[in-house]
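These notes are about the structure you will find just below.
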Amino acid sequence: QPDVTFAGAGAEDVTFGYGEETILQNVTVPVPAGRTIGIVGRSGSGKSTLLKLFLRFWQVEQGRVQLSGRSVEQINTQNLRRMQALVTQETHLFQDSIRNNLRIARQDATDAELVAACKKASIHDFIAALPRGYDTPVGELGDTLSGGERQRLGLARAFLHDAPFLLLDEPTSNLDSLNEAVILRALAEEHGKRTVVLVSHRVSTMGIADTVYSVENGRVS
Ligand code: ATP
Ligand code: MG
């Protein structure tokens, strides 16, 4: 039962930059447990940077980033991973079967759980139609996997990973509106169960967010 112990997250008065330039200045973004927080902003405004601070990708010198009441730097990497499921702007796939690529999210996942996650991510029908189905080697497919198919596999992984905190960076950027609708519905169904930070350019995606923050010139409002 993922969300029982997760008490939400937040960036508190965080100032961060890569080197000299300040990317985020005195940014406060509360992420209450069970809520979906949307982050919008122009390309290069700092949306992915903000997301990466929750992942402890970079060290925060000014301000605090907390997960479930603890500063991220006080949480060990294993626990951090257990708490968080991530969909990045680029889905990394290994030269292995689709099944094993999905199982990275949860080693003990049953086939039924794989299928359920892939249905939520609107990729099951595609996989089922392949001659070798879930056993299809991703390496063999190579470039024949479209950006949208890769992205949906990334989403399936995140759905499979029963982490309480879901971080999504432009999760539907490569999808047509039909596939996007399936995913937004699945995310809407997780509402209250998982805590979600959703980064997107698209206004359509923000329909499922409880609160939307906008990143502009280093400020979040
Ligand atoms: P997009 O919508 O295009 O994904 P974004 O809002 O996610 O953009 P970020 O990736 O957070 O933007 O980048 C914010 C700024 O920080 C940009 O100017 C970018 O060039 C810069 N930046 C990002 N990563 C690094 C890095 N590792 N080192 C130095 N500068 C970086
Ligand atoms: Mg980005």
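The values are calculated or read from the model by the stated rules, or taken from the named source; none is laboratory data. Because the structure is predicted, anything quoted here is derived from the model rather than measured. Note that each Cβ is placed from the backbone with ideal geometry, even for glycine, and that neighbours are counted across all protein chains shown.
Observations
Results for (1) surrounded by 17 or more Cβ atoms within 10 Å (Cβ to Cβ); (2) among the β-branched types (Val, Ile, Thr); (3) at pLDDT 95 or above, shown as yes or no for each residue.
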| site | (1), (2), (3) |
| --- | --- |
| Gly17 | no, no, yes |
| Glu20 | no, no, no |
| Thr28 | no, yes, yes |
| Gly38 | yes, no, yes |
| Leu53 | yes, no, yes |
| Phe57 | no, no, no |
| Glu61 | no, no, no |
| Arg64 | no, no, yes |
| Gln78 | no, no, no |
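- Selection of the range 41-66 for residues being free of Cβ contacts under 8 Å to residues at least 60 places away in the same chain and not in a loop (DSSP other than H, G, I, E, B) yields Thr49, Lys52, Leu53, Gln62, Gly63, Arg64, Val65, Gln66.
- When the range 89-109 is filtered for residues that are in contact with a Pro (Cβ under 9 Å, 6 or more places away or on another chain), buried (at least 18 other Cβ atoms within 10 Å of the Cβ) and of a type outside the set (A, V, I, L, M, F, W, C), only Ser97 remains.
- Only one entry in Gly147, Gly207, Gly192 is surrounded by fewer than 23 Cβ atoms within 10 Å (Cβ to Cβ), at positive phi and of a type in the set (Gly, Ala, Ser), namely Gly192.
- Positions within the range 68-111 being more than 16 Å from the chain's Cα centre (by Cα), under 28 Å from Ala129 (Cβ atoms) and of a type outside the set (Val, Ile, Thr), in sequence order: Phe94, Gln95, Asp96, Ser97, Arg99, Asn100, Asn101, Arg103, Gln107, Asp108, Ala109, Asp111
- Residue satisfying condition, being surrounded by fewer than 21 Cβ atoms within 10 Å (Cβ to Cβ), away from ligand 1 (no atom under 16 Å from the Cβ), in contact (Cβ under 8 Å) with a residue 40 or more places away in the chain and not aromatic (Phe, Trp, Tyr), within set Val115, Val182: Val182
- Subset of the range 159-174 that is hydrophobic (A, V, I, L, M, F, W, C) and farther than 13 Å from Leu80 by Cα - its residue that is farthest from ligand 1 (Cβ to nearest atom): Leu160
- Flag for Ala109 being in contact (Cβ under 8 Å) with a residue 24 or more places away in the chain and farther than 18 Å from Asp169 by Cα: yes
- Condition broken by Asp3, with the remaining ones in (1) more than 10 Å from ligand 1 (Cβ to nearest atom); (2) outside any strand (DSSP E or B); (3) of a type outside the set (S, T, N, Q); (4) at pLDDT 95 or above satisfied: (4)
- Selection status of Gly154, within 27 Å of Ser200 (Cβ to Cβ), within 16 Å of ligand 2 (Cβ to nearest atom), not acidic (Asp, Glu) and not in a loop (DSSP other than H, G, I, E, B): yes
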